[in-house]
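First up is the structure itself, then whatever we jot down about it.
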Amino acid sequence: MILSPSLFAADAGRLDEEIAQVEQAGAEYLHIDVMDGMFVPNLSFGPNILSGIRRKSRLFFDVHLMIEKPERFLEPFIREGADGVTVHYEATDALDEIAGICRERGVKFGVALHPRTPVSVIEPWTDVLDILLVMSIEPGFGGQAFMPEAVPRIREAKALRERKNARYLISVDGGVNPETAALCREAGADVLVAGSSVFRAQDRKAALELLRR
Ligand code: DX5
Ligand code: ZN
């Protein structure tokens with residue numbers, strides 16, 4: 001299981017220490033939420049923050065773009081250190097172009113699905129997709145409860161991968177804690193994104209171990 005602590009839940013006054021802690025605790029990815037106040041009613045990190053933290057960490061930077069027309073900002077996020085870029089299916093008509101840029105630049109290409117978007121919409125891109133992000137909350141805020149409807153959607157993503165002979169990782173984002181992590185794992189998730197359950201815990205190592213178990 002790949003664990004991707006979500007930086008949005010970290011103490012923003014000491015991001016580098018927070019990142020170092022989860023890196024030392026054995027996280028594989030760092031999930032970085034980007035919000036534009038349009039696609040979601042909130043704001044968060046931009047490319048300048050990415051560039052700052054890139055110098056402090058070797059983690060895989062798993063950048064989740066919750067922004068309208070993400071193709072406008074792909075280049076700065078790649079340049080400043082993204083290892084994977086995940087865009088929302090609902091926010092763009094340019095998935096082919098985005099997939100092409102990611103391939104050219106050697107960055108993983110991810111697509112996120114809002115909880116109400118059918119999993120089947122991704123079928124035309126399964127052969128170029130590296131990460132399928134199944135949202136288990138309404139995007140925009142951390143600390144929300146996991147939507148149980150996500151579990152059959154993870155299963156569907158896995159069945160689709162088998163049927164299409166694809167190789168994308170299935171990632172789950174929102175309300176992931178030790179209990180819901182177990183449901184995600186059983187359903188076939190490969191990557192767990194977790195904000196509050198990691199950064200609100202005193203002992204980050206213990207928190208990651210509980211998610212992995
Ligand atoms: C919400 C973000 C999530 C969020 C998860 O829009 O995409 O990554 O930070 O936070 P928790 O784990 O607290 O639900
Ligand atoms: Zn996210």
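Laboratory data are not the source of any read-out in this text; all were calculated from the coordinates shown. Not measured: the values here are computed from a predicted model. No Cβ is skipped: glycine too gets one built from the backbone with ideal geometry, and neighbour counts run over all protein chains shown.
Remarks
- Once the convex hull of all Cα atoms in segment 87-213 is built, its volume per residue stands at 110 Å³.
- The separation of segment 145-174 from segment 1-59, counted between C-alpha centres, amounts to 23 Å.
- Counting other Cβ atoms within 10 Å as a rough exposure proxy, the listed residues His114, His64 run His114, His64 from fewest neighbours to most.
- Nitroxide proxy distance, nm - points 7 Å out along Cα→Cβ at Asp83 and Ile49: 2.0
- Simple spin-label estimate for Glu162 and Glu104 gives 3.8 nm between the two label positions (7 Å along the Cα-to-Cβ direction from each Cα).
- Ala201 long-range amide H proximity, modeled H, under 5 Å: none
- With the largest listed first and rounded to whole Å, the semi-axes of the equivalent ellipsoid of the chain from the Cα gyration tensor are 23, 21, 15.
- Mean residue ellipticity, 222 nm, helices only, the chain: the sum of -39500 (n - 2.57) across DSSP H runs of n ≥ 4, divided by residue count and rounded to 500, is -9500 deg cm²/dmol.
- Alpha-carbon centroid distance for the pair segment 74-88 / segment 109-143, whole angstrom: 16
- DSSP beta bridge pairing in the chain, given as percent antiparallel to the nearest 5: 5
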